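Worksheet: one structure, shown below.
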Amino acid sequence: MTAAIAVRGLEKSFGDQRVLRGVDFEVEHGSIFALLGSNGAGKTTVVRTLATLLRPDAGTASVNGFDVARQEADVRASISLTGQYAAVDEILTGRENLLLVARLRHVPDAADVADRVLERFDLTDAANRRVATYSGGMRRRLDIAMSLIGAPRVIFLDEPTTGLDPQARLGVWRCVAEAAAQGATILLTTHYLDEAEHLANRIAILHDGRILVNGTPAELKALLPPSRVEYVERQPTLEDVFFALVGDERNPTTDSGALS
Amino acid sequence: MTARFAGDTATLTGRSLRHIWRSPDTLVTTAVMPIAMLLLFVYVFGGAIDTRGTGSYVDYLLPGILLITIASGIAYTALRLFLDKQAGIVERFQSMSIARSAVLWAHVLTSLVANVVSVVVVVLVALLMGFRSGAGVLDLLAVAGILLLFTLALTWLAVIPGLTAKSADGATGFAYPLIFLPFISSAFVPTHTMPGPVRAFAEHQPVTAIVNTIRDLFAGQPVGGDIWVALAWCAGLLVVAYAFATATYRRTTTR
Ligand SMILES: Nc1ncnc2c1ncn2[C@@H]1O[C@H](COP(=O)(O)OP(=O)(O)O)[C@@H](O)[C@H]1O
Ligand SMILES: [Mg+2]
């Protein structure tokens with residue numbers, strides 16, 4: 001059986017800016033694959049190409065066995081895309097957003113499906129509120145929930161946690177795990193190494209328009225320089241000063257504003 | 001495929017109608033300006049305007065005011081499309097397995113519904129102000145048909161800035177010249193009062209032909225050749241705007 005996603009020699013330029021210069025990677029069925037790269041590396045360009053929104057200049061890509069350039073309709077029927085910026089309808093409620101997607105995906109019992117997804121993504125209490133009132137983390141969870149409706153075979157998540165606070169980030173991580181538990185193949189992009197490490201079975205680093213390395217988290221770690229213990233002089237923060245003045249209730253041995 | 005197109009279009013139209021239902025202020029805003037003009041021209045300027053007709057000035061004025069209502073209504077069509085595109089919602093729909101053109105048609109149908117509501121509101125106000133029509137059922141159907149055709153043509157025109165604008169102001173700004181066009185037509189005063197070049201422009205732009213036709217239909221009088229000129233303008237604009245809008249959609253949303 002072919003890979004869930006297969007990308008070979010993918011090239012894409014915008015004007016004379018060569019963003020992708022021959023990208024190659026494969027993603028196994030049912031796995032979570034993280035595309036790691038700094039801002040502007042071309043992660044979104046890869047995702048948009050795989051989601052049939054951009055046409056590659058050269059190279060081939062297939063998703064769920066369908067060619068993204070020649071079998072667009074089949075690709076679109078196999079995927080769901082959660083873009084870099086949460087594309088949720090702010091005027092509708094959370095439940096209405098889910099119902100909308102369920103109807104567009106021609107899911108038979110849309111209302112039941114929506115309720116179940118709301119439950120799983122911890123959005124039941126907010127279900128009947130307009131999305132405009134949601135926090136960033138709730139929007140992202142709703143956004144991902146919308147992608148799961150209709151059981152797509154391949155799910156693209158473009159920077160699902162960028163801009164979220166640590167707690168909301170954990171919420172999204174749980175959602176990604178939920179999605180994977182459904183058996184879908186997931187390709188997510190991120191610029192956090194720890195996120196890739198936490199979520200993915202394989203990580204590929206996109207840099208200068210090519211895949212620099214591609215491996216399991218353990219393999220990637222082995223490539224990194226070993227961790228070293230460093231002693232760094234740290235200036236007291238305003239918080240340290242405050243606690244020094246009012247009397248420190250924190251553990252005095254670890255951090256009391258004194259220089260180490 | 002066509003069943004799917006119809007179903008998807010209905011789903012998406014339901015969504016944008018719900019938007020309007022939740023913020024009906026756009027309908028009110030659309031109707032307020034034409035109503036203000038109606039009041040201003042009928043009660044302030046109207047007495048000084050000689051329309052050489054038998055009917056009241058509100059009868060004379062209403063057709064032009066209805067066109068202004070539609071021209072300001074389609075600014076919101078462009079805005080709604082722009083906001084969907086801006087928010088990435090168009091792209092989300094594009095990456096789904098739905099009929100591609102359903103996304104545009106949903107906005108177009110929503111525009112028709114919203115404009116019908118605004119037009120009905122303005123007509124009700126005109127009735128309160130003494131507007132009376134001697135038109136038969138067929139005449140009224142003809143008026144409705146012409147107004148719908150005009151709305152459809154301007155709506156497809158509005159799709160173009162809705163897809164290409166970089167800002168909300170850019171999306172709505174194209175409507176101002178359209179709102180202004182009736183002022184240089186037979187909508188407010190008869191064209192024969194205008195100086196030569198202005199008159200030439202007024203008599204050869206679409207609003208005059210459409211306004212004259214609707215005015216005759218409302219009066220229950222036989223329409224002249226103006227109706228063919230009016231239909232030709234609307235149909236021509238519709239075909240051109242539709243072609244450009246769909247080409248723009250293909251160009252800006254995929255690849
Ligand atoms: N539609 C576009 N037109 C022109 N340049 C683009 C377009 N999309 C992306 N780029 C450029 O391509 C580069 C890669 O962008 P992107 O794929 O969004 O990177 P990433 O998602 O990794 O941050 C950036 O320099 C960006 O400015
Ligand atoms: Mg990006």
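Every read-out reported here was derived from the displayed coordinates using simple, explicitly stated rules and does not represent laboratory data. Worth saying up front: this structure is predicted, and the values here are computed from it rather than measured. Here the Cβ is made from the backbone with ideal geometry for all residues, glycine too, and neighbour counts use every protein chain on show.
Segment A:49-123: which trypsin sites (Lys or Arg not before Pro) are DSSP loop and have at most 16 other beta-carbon atoms within 10 angstrom?
A:Arg70
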Dimensions of segment A:1-115 along principal axes (Cα, Å, largest first)? 45, 35, 25
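Given the peptides A:214-225, A:6-17, arrange them by the average over their residues of other C-beta atoms within 10 Å, most packed first.
Order by mean packing, descending: A:6-17, A:214-225.
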Which of the listed residues, A:Leu35, A:Tyr192, A:Phe25, is farthest toward the dipole's positive end in chain A, when Lys, Arg count +1 and Asp, Glu count -1 at the beta-carbon? A:Phe25
Hey, if you put +1 on the Cβ of every Lys and Arg and -1 on every Asp and Glu Cβ in chain B, which of B:Leu147, B:Gly225, B:Ala87 ends up farthest toward the positive end of that dipole? B:Ala87
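Could you size up the charge dipole of chain B around its Cα centre, putting +1 on the beta carbon of Lys and Arg and -1 on that of Asp and Glu, and report it in debye to the nearest 20?
920
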How big is the Cα convex hull of segment A:32-90 in projection, averaged over all directions, in nm²? 5.2
Report the residues of segment B:228-252 in range of a label on B:Leu148: point 7 Å along Cα→C-beta, backbone N strictly under 15 Å from it. B:235
Using C-alpha positions alone, give me the convex hull volume of the protein assembly as shown per residue in cubic angstrom. 233
Calculate the dipole size of segment A:65-164 relative to its Cα centre from +1 charges on Lys and Arg beta carbons and -1 charges on Asp and Glu beta carbons; express the result in debye to the nearest 20. 40
Just grab the label-to-label distance for A:Thr60 and B:Ala243, each label 7 Å out from Cα along the Cβ direction, in nm (one decimal). 3.8
Where a Cα-Cα gap under 29 Å defines reach, which lysines qualify for A:Lys12, not counting those fewer than 8 residues away within the same chain? A:Lys43, B:Lys85, B:Lys166
Average partner chain C-beta neighbours within 10 Å, per residue of B:3-9? 1
Using θ = phi - 60° and the Karplus relation 6.51 cos²θ - 1.76 cosθ + 1.60, list the HN-Hα couplings for segment B:132-142 in order, rounded to whole Hz, with x at every Gly or Pro. 9, 10, x, 6, x, 4, 5, 4, 5, 4, 5
Once you put a point 7 Å from the Cα of A:Ser13 and another 7 Å from the Cα of B:Arg250, both along the Cβ direction, what distance in nm separates them? 2.5
Sequence order, segment B:106-114: Karplus ³J(HN,Hα) from phi using 6.51 cos²θ - 1.76 cosθ + 1.60, θ = phi - 60°, Hz rounded, Gly and Pro as x, gives 4, 5, 5, 5, 4, 4, 4, 4, 4
Max mean-square fluctuation residue, GNM over chain B, Cα-Cα springs under 10 Å, options B:Pro63, B:Pro24, B:Pro161: B:Pro24
Segment B:1-60: trypsin sites (Lys or Arg not before Pro) in DSSP coil with no more than 16 other Cβ atoms inside 10 Å: B:Arg52
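Kindly identify segment A:85-203 as rounded, prolate or oblate by the Cα gyration tensor criterion: order the square roots of the eigenvalues as a ≥ b ≥ c, call it rounded if a/c is under 1.5, otherwise compare a/b with b/c, prolate if a/b is larger, else oblate.
Details: a/c = 2.04, a/b = 1.33, b/c = 1.53.
Oblate, since a/c reaches 1.5 and b/c is not below a/b.
Mind putting a number on the dipole of the protein assembly as shown about its Cα centre? Charges go on the C-beta only, +1 for Lys and Arg and -1 for Asp and Glu, and I need it in Debye to the nearest 20.
On the way: 44 positive and 46 negative charges, 247 e Å.
In total the dipole reaches around 1180 debye.
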For A:Arg55, distant residues with modelled amide H under 5 Å away: B:Arg255
Taking only the alpha-carbon positions of segment B:1-140 as identical scatterers, the Debye log10 I(q)/I(0) at q = 0.16, 0.20 Å⁻¹ comes out as -0.86, -1.11
Rg and Dmax [Cα atoms of chain A; Å; Rg one decimal, Dmax integer]: 21.5, 69
If R₀ is 35 angstrom, what is the calculated FRET efficiency for the pair B:Ala6 and A:Leu170, using the beta carbon separation as r and rounding to 0.05? 0.20
Please rank B:Thr69, B:Thr26, fewest neighbouring Cβ atoms within 10 Å first, as an exposure proxy. B:Thr26, B:Thr69
From the gyration tensor of the Cα coordinates in segment A:136-238, what semi-axes in whole Å does the equivalent ellipsoid have, largest first, with each one equal to sqrt(5λ)? 29, 21, 12
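Which whole-number percent gives the relative contact order of segment B:170-229, counting Cα pairs below 8 Å spaced six or more residues apart?
Details: 44 pairs, mean separation 15.8, N = 60.
Reported as a whole number, the value is 26 percent.
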Of A:Cys175, A:Leu224, A:Ser80, which is farthest towards the positive pole of chain A's charge dipole, taken about the Cα centre with +1 and -1 on the beta-carbons of Lys, Arg and Asp, Glu respectively? A:Ser80
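Just the number, please: percent antiparallel of the DSSP beta bridges in the protein assembly as shown, rounded to the nearest 5.
On the way: 21 of 39 bridges.
Expressed as a percentage, antiparallel bridges in the protein assembly as shown total about 55.
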Between segment B:193-255 and segment A:98-130, the alpha-carbon center distance in angstrom: 45
Any idea what the relative contact order of chain B is, in percent, if you count C-alpha pairs under 8 Å spaced at least 6 apart? 26
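Just counting partner chain Cβ atoms within 10 Å, what average do the residues of peptide B:92-104 show around their Cβ?
6
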Hey, what do the phi angles of segment B:196-202 turn into as Karplus ³J(HN,Hα) couplings, whole Hz, using 6.51/-1.76/1.60 and θ = phi - 60°, x for Gly and Pro? x, x, 5, 4, 4, 4, 4
Expressed in nanometres to one decimal, the distance between label points 7 Å along Cα→Cβ at A:Asn201 and A:Asp24 is 2.2
Cβ-Cβ FRET estimate between A:Glu230 and A:Gln182, R0 fixed at 51 Å, reported to 0.05: 0.75
Degrees between helix B:226-253 axis and first principal axis of chain B (Cα, 0 to 90, nearest 10): 20
